[in-house]
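Asks: Just passing along the structure, written as structure tokens.
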Amino acid sequence: MEGSASRWVALVAFGLLSTLPQTMSAAEPCKLLTVPEIGQVLGVSVSPTPVGTTGCLWTGSSQRVSITLRDATAWARITAIAPGSKIIKTNMSGLGDAAQYSGMQDTWTLSVKQGAGVIVLTVYGVTGERQRSVEESLARLALRRL
């Protein structure tokens, strides 16, 4: 039951982020990370699927990586804490101009602002510190192409 609830929360969060009106038009989401890069970091083979014009989903056997691009003006909304929300938000340093983890239980998302863009990255099928490590590694790779 917990696993299905976590997946539901993750899909809802990804869906909500995908509906934000601000988008990045300069970069193509599926070109921010390569299949070999994700395979090396995750240890599994993946294949990319575009999600509209602002996102990409790489799917492997039991792991997935999603990335959504936003304009920097969306940063305030992405990082805001909604009243009564159970979502935990933690700022981090050393990645882009600003970075923040947000999530609950075993589903966490890393949002990184750099210049005029924001990358929202989530790794599914990996939990705990490993998830954070994988998300940070992939975000560093993606930021080079933003």
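The values are calculated or read from the model by the stated rules, or taken from the named source; none is laboratory data. These figures come from a predicted structure and were not determined experimentally. Positions of Cβ are backbone-derived with ideal geometry, glycine not excepted, and every protein chain shown enters the neighbour counts.
Asks: Before we move on, is Ala13 of a type outside the set (Ser, Thr, Tyr), modelled with pLDDT of 95 or more and surrounded by 11 or more Cβ atoms within 10 Å (Cβ to Cβ)?
Replies: Against the criterion (of a type outside the set (Ser, Thr, Tyr), modelled with pLDDT of 95 or more and surrounded by 11 or more Cβ atoms within 10 Å (Cβ to Cβ)), Ala13 does not qualify.
Asks: Out of everything in the range 109-120 that is buried (at least 23 other Cβ atoms within 10 Å of the Cβ) and of a type in the set (A, V, I, L, M, F, W, C), what residue ends up being nearest to the chain's Cα centre (by Cα)?
Replies: Residue satisfying both the conditions and the ranking: Val120.
Asks: Next question. Output the qualifying pairs, or none if there are none: Cβ atoms under 6 angstrom, residues six or more apart or on different chains, first residue in the range 111-135 and within 19 Å of Ala76 (Cβ to Cβ), second residue surrounded by 17 or more Cβ atoms within 10 Å (Cβ to Cβ) and acidic (Asp, Glu).
Replies: Listed by first residue and then by second, the contacts come to Leu121/Glu135.
Asks: Collect the residues in the range 94-146 that are more than 22 Å from Ala27 (Cα to Cα), out of contact with any helix residue (DSSP H, G or I) (no Cβ under 6 Å at 6 or more places or on another chain) and among the polar types (S, T, N, Q), keeping them in residue-number order.
Replies: Ser102, Thr127, Gln131, Ser133
Asks: Quick one: in the range 97-110, which of the residues that are of a type outside the set (Gly, Ala, Ser) and free of Cβ contacts under 8 Å to residues at least 60 places away in the same chain is farthest from Gly39 (Cα to Cα)?
Replies: Ranking the candidates gives Asp97 first.
Asks: If you don't mind, another one. Among (1) at pLDDT 95 or above; (2) surrounded by fewer than 16 Cβ atoms within 10 Å (Cβ to Cβ), there is one condition Thr127 misses while meeting the rest; what is its number?
Replies: (1)
Table: residues versus (1) assigned to a strand (DSSP E or B); (2) among the polar types (S, T, N, Q); (3) modelled with pLDDT of 95 or more.
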{"site": "Ala26", "(1), (2), (3)": "no, no, no"}
{"site": "Cys30", "(1), (2), (3)": "no, no, yes"}
{"site": "Ile38", "(1), (2), (3)": "no, no, yes"}
{"site": "Cys56", "(1), (2), (3)": "yes, no, yes"}
{"site": "Trp75", "(1), (2), (3)": "no, no, yes"}
{"site": "Gly84", "(1), (2), (3)": "no, no, no"}
{"site": "Leu95", "(1), (2), (3)": "no, no, yes"}
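Asks: Please go through the range 50-79 and give me each residue that is more than 21 Å from Gly115 (Cβ to Cβ) and surrounded by fewer than 13 Cβ atoms within 10 Å (Cβ to Cβ), ordered by number.
Replies: Residues satisfying the conditions are Pro50, Gly52, Ser61, Ser62.
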